[in-house]
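Structure first, then comments.
Just so you know, all these numbers are worked out from the coordinates, no wet-lab data involved. If you're wondering where the values come from, they're calculated on a predicted model, not measured in any experiment. Heads up, the Cβs are rebuilt from the backbone with ideal geometry, glycines too, and the neighbour counts pull from every protein chain shown.
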Amino acid sequence: MTPLVLVPGMMCDARLFTPQIAAFSAHHDLHLATLTQPGSISDKARAILDTAPPRFALCGLSMGGIVAMEVLRQAPDRVSRIALLDTNPLAEKDEVKERRQPQMTEVRAGGLDSVMQQQVMPNYLSPSHELPEVLDLCLDMALALGPDVFLDQSEALMARPDQTETLASADLPALVLCGRDDQLCPLERHELMAGLIPGATLEIIEGAGHLTTLEQPEHTNAALARWLEA
């Protein structure tokens, strides 16, 4: 089986993919990337390529998907297939950059816990259900990574490149997946990505917001299994 590299989102670690690790580890060589290396999106992609197998399937969620697109841009010959979950191929809008600045100021002053709980995490889940255990996990991941990682990742996201040309030139099996209720990376962004990649499959997960891997793991795993077998 082709090795599978999983790339987590902002302020998340491998636990974001706990249900996927359980589902696929028996039959796939899993590589769990991190986004803790300081630097740009390009730097983080290069760090993944430095430790990844020679050729691999690639799956990223949110910021992980943004970095995955950059991995594909840098080394298209090494990526056998790509899954882009709850992510965005576009450069960051000015109004989003402006919203980040007060968050970064508060985090520098010791307010990471408050920023995560009051400003970031309320946008994570579908309003159709309450999953306090998922939010507890998200907070635990963020606090474990710490404020320096938050600041570095924020700066990388603000300066990220547009990847529409990367997707339009892609020639590989591709899955584009999102939660129906994703507030951070809405469905229209995924329709755009699926339209750019020739032959891409678009999967919409009902009853999920931004964290499809944890909110609806069975449906997400089924879509990933179809992608891996394509």
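Fewest neighbouring Cβ atoms within 10 Å first, the residues Ser169, Ser42 line up as Ser169, Ser42. Would the range 134-219 count as rounded, prolate or oblate if I go by the C-alpha gyration tensor, calling it rounded below 1.5 in a/c and otherwise prolate when a/b exceeds b/c, oblate otherwise? In terms of gyration-tensor shape, oblate. Remark: the range 65-216 projects, on average over all directions, an area of 9.0 nm² (convex hull of Cα atoms).
Residue separation of Glu133 and Thr164 scaled by 0.36 nm, minus their Cα-Cα distance, works out to 7.6 nm of gained length. In this rough spin-label picture, where each label sits 7 Å from Cα along the Cβ direction, the Ala22-Val96 distance is 3.1 nm.
Taking square-rooted eigenvalues a ≥ b ≥ c of the alpha carbon gyration tensor, is the range 3-77 rounded, prolate or oblate, where a/c under 1.5 means rounded and, failing that, a/b exceeding b/c means prolate? Please list the in-between numbers first.
Working: a/c = 2.02, a/b = 1.27, b/c = 1.59.
It is oblate, given that a/c is not under 1.5 and a/b is not larger than b/c.
Residues Leu184, Leu35, Leu61, Leu175, arranged from fewest to most other Cβ atoms within 10 angstrom of their Cβ, appear as Leu184, Leu175, Leu35, Leu61.
Stretching Asp171 away from Gln119 to a fully extended chain increases their span by 14.9 nm, per 0.36 nm per residue minus the current alpha-carbon distance.
Under 18 Å from a label point 7 Å along Cα→Cβ of Met104: give me every residue in the range 131-159 with its amide N that close. Residues 146-159 qualify, since their backbone N sits under 18 Å from the label point.
The string of couplings for the range 80-96 from the Karplus curve (6.51, -1.76, 1.60, θ = phi - 60°) is 7, 6, 9, 10, 10, 10, 6, 9, 8, x, 9, 5, 6, 6, 4, 5, 6 Hz, one whole number per residue in order, with x for Gly and Pro. When the chain is treated as a GNM with alpha-carbon contacts under 10 Å, the residue of Met193, Met11, Met116 showing the greatest mean-square fluctuation is Met116.
Where in the chain is the longest stretch that carries no trypsin sites (Lys or Arg not before Pro) classed as loop by DSSP and with at most 16 other Cβ atoms within 10 Å? Result, exposed sites excluded: 94-179. Over the chain, with a Gaussian network built from C-alpha contacts below 10 Å, which listed residue (Gly110, Gly60, Gly39) shows the highest mean-square fluctuation? Of Gly110, Gly60, Gly39, the most mobile in the Gaussian network model is Gly110. Relative to the Cα centre, the charge distribution of the range 109-160, modelled as +1 at Lys and Arg Cβ and -1 at Asp and Glu Cβ, gives a dipole magnitude of about 200 debye.
Please compute the alpha carbon radius of gyration of the range 74-144, then divide it by the globular-protein estimate 2.2 N^0.38 Å. Two decimals is fine.
Rg over 2.2 N^0.38 Å, computed on Cα atoms: 1.43.
Based on DSSP H segments of at least four residues, each scored -39500 (n - 2.57), the chain has a per-residue ellipticity at 222 nm of -13500 deg cm²/dmol.
Using the Cα gyration tensor of the range 41-96, with a ≥ b ≥ c the square roots of its eigenvalues, what is the shape: rounded (a/c below 1.5), prolate (a/b larger than b/c) or oblate (neither)?
Verdict is prolate for the range 41-96.
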